[in-house]
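Notes for the one structure printed next.
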Amino acid sequence: MQLKKSTIFTRTILAASVLGLSAMATVHAEEPVVVGLIVKFKNQPNQLRATQKQDRSARVMSAGRSMGLELREKANFEVNALSKREIQVYSLNGSTTESKIRDLAKQLKEQNPSIEYAEPDLLMHALDEPDRSKPNDPFFFVQWHLKNTRTDVAWNRTNGKHVRIAAIDTGNVRNQDLIENIIPGYDFTSKNISVPAEKDSTGKIIKYKSVDNSGDGDDWDTDPTDPGDMAPEGSCGLDPVHIQSSWHGTTVSSIMAATTNNGASVAGAAYGAKVMPLRVLGKCGGATSDIIAAIYHASGVNMTWNGKPARAIPEKVRVINMSLGGRGQCGISLQTAIDDVAKLGVVSVVAAGNSGLNIDTTPYSPAGCNNVITVGASDQEDNRVIPQPASGREWGSNWGANKVAVYAPGVRVFTVWGMDSWNYHDGTSFSAPQVSAAAAMMLSQNPSLKPADIKKAIQETARVSGDIKILDTEAAVARVSSGPGYFLGKIYIEGFNRYPDDSGFDFWMNAIKGNGGCSLSKLGAVANDILTTSDFLNTNKTNATRLDAAYRALFARQPDTAGYNWWLAKLDANQISWADLVKNFVTSDEFVKLAPKYCAQ
């Protein structure tokens, strides 16, 4: 295996920011870079005709021209997430400031009653930091982060089986140690964006230029392949040169779900989970509006883009990882998207940032958004990562008692880099996916969990070290391994080898919890009904596979050899029917003893 040197550490962007999550607190620009305008229109009682939408959009662009701003229609997308939302995105042809675009937004809302709000579409950047480590062994035993968080111990309970995680990042490249756990994604990276081209003597941006940002020659499409984000001098305006590509999205994905127990390279934390790569970051960063679209897409909501139905996904993700961010307030449109998907049961995990800032007092996004789990970086001594110039570390983890929910290892995190290499990585970008993986493992154990449940369990079980709390995956997973959701989750995942669908899961949860609450008789009745369905019998076609599934589903353990062989012999000799065996299992002493755990609240 070839071990290559990495220059990554956190390409990032977000709502009101030009400072990305980097391995060092380097500023791309002193002020936010505006790439356009986001307009949220109020819902209309009747469907607007195309000409009416054109007139409405023309008024927006006319208002922009009156202020010296040249706006162009970029994209219109409608989202049906709990309620309908129509968002129009305008790109900017020329230069402006954040304050000027906010003045336009204020004027539009005051003068146009059909507009709910308008706000700047700001550029998000990814930063590069040369790696100063000298790695020499690409195997599991150098992945200290898995032991520090007790993720390896949690594998005795679950590996995140069947849970889907979205990696909203730079996309993905084909790495053999990850490809088995990658599912189809999408590319939301806009082709052209405006970047700073010139500043005055005070450092104020006075000129922008439009550049090709996507790197693959097109706008949104169905291919999330990362073409690389190497940026030669001048290709991103005044932004720093990236002498080689970061492959950031692939690294983040491998921390979460690299193939494990395959005798090769590294282990993923939730190696039973699947990752959906959603590309939003190009070589010069990415737009907030693109990230918002990716959030909605991952959550399976119905969307149309420029009047055309978006490609539907067969199953929503339950976890979104965003190892990106920067200075600035969490925008209304971004916060609304996060809130919408949280109500759909999707938890958003974000990196805190690498600028050494107290984000309780300094606006940072999306780390400062509500309804997210913000993750800081800890070191091998269980301290918050702070700058150590003498040893070459020029970055520090952002912090804040209110905003940063938990910390996870963020230095010398060893995992995949690119197509065929491995390396150590630094930054909160690589702390966040460890928490995303823990969330996936918790949801695999208990699909009934809501985002707030997951955040609470992670915080309450975290290991206290000084003034920070460090992720304890085993403790968090153990905390949620009880209750009707845990019981029913085992039946679905072990009995049907899939994650439960919302409607079916809710139906059976109501059957267990309704009319007086959970009881032994209800648990037994539901188990009997589910494990004798044609769906179960068709999924598990032999007596051997049915029996193995029943042990795992009902008793949450592997079958013991003696008991398994005894029951299997009876089934094969037709001395007992499958339905009678299930009745025996749900009335057994072992099941009776487990009932209080399965009914626990």
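The values are calculated or read from the model by the stated rules, or taken from the named source; none is laboratory data. No experiment lies behind these values; they were computed from the predicted model shown. No Cβ is skipped: glycine too gets one built from the backbone with ideal geometry, and neighbour counts run over all protein chains shown. We work out accessible area using only protein heavy atoms, side chains counted, and drop any ligands, DNA or RNA first. Shrake-Rupley method; radii C 1.70, N 1.55, O 1.52, S 1.80 Å.
Here are some notes:
- The Cα center of the stretch 467-486 and the Cα center of the stretch 184-237 differ in position by 40 Å.
- Solvent exposure of the stretch 342-420, expressed per residue, is 33 Å² of accessible area, with all protein chains present and a 1.4 angstrom probe.
- Tensor-based shape of the stretch 456-519 (alpha-carbon gyration tensor, a/c under 1.5 rounded, otherwise prolate or oblate): prolate
- Using a probe radius of 1.4 angstrom, the carbon and sulfur fraction of the accessible surface of the chain is 49%.
- THR222-GLN380 FRET efficiency (beta carbon distance; Förster radius 51 Å; 0.05 resolution): 0.80
- Sorting 226-232, 539-545, 154-160 by their mean Cβ neighbour count within 10 Å, with the most densely packed peptide first, gives 154-160, 226-232, 539-545.
- Taking Cβ atoms as reference points and 12 Å as the exclusive limit, the residues near GLY185 contribute a net charge of -1, counting Lys and Arg as +1 and Asp and Glu as -1.
- Length-normalised contact order of the stretch 239-378 in % [C-alpha pairs under 8 Å, at least 6 apart]: 17
- Chain lengthening between THR533 and GLN54 when straightened (0.36 nm per residue, less Cα-Cα): 167.1 nm
- Value of relative contact order over the chain, rounded to a whole percent, pairs C-alpha under 8 Å and six or more apart: 17
- Per-residue ellipticity at 222 nm computed for the chain from its helices equals -9500 deg cm²/dmol, with DSSP H segments shorter than 4 residues left out and the rest contributing -39,500 (n - 2.57).
- Seen through its C-alpha gyration tensor, with square-root eigenvalues sorted a ≥ b ≥ c, the stretch 368-407 comes out prolate because a/c lies at 1.5 or above while a/b is bigger than b/c.
- Under the simplified labelling scheme, the ASN156-ASN584 pair shows an inter-label distance of 3.0 nm, with each label point 7 Å from Cα along Cα→Cβ.
- Summing +1 for each Lys or Arg and -1 for each Asp or Glu among the other residues whose beta-carbon sits under 9 angstrom from that of THR225 gives -2.
- Theoretical FRET efficiency, 1/(1+(r/R0)^6), r = Cβ-Cβ of THR545 and ALA312, R0 35 Å, to 0.05: 0.65
- Length released on extending from LYS147 to LYS42, taking residue separation times 0.36 nm less the Cα-Cα span: 32.8 nm
- Annotation for GLN388 and PHE140: the two label points, set 7 Å from Cα along the Cα-Cβ direction, are 2.8 nm apart.
- On Cα atoms only, tilt of 50-66 relative to the major axis of the chain in degrees: 50
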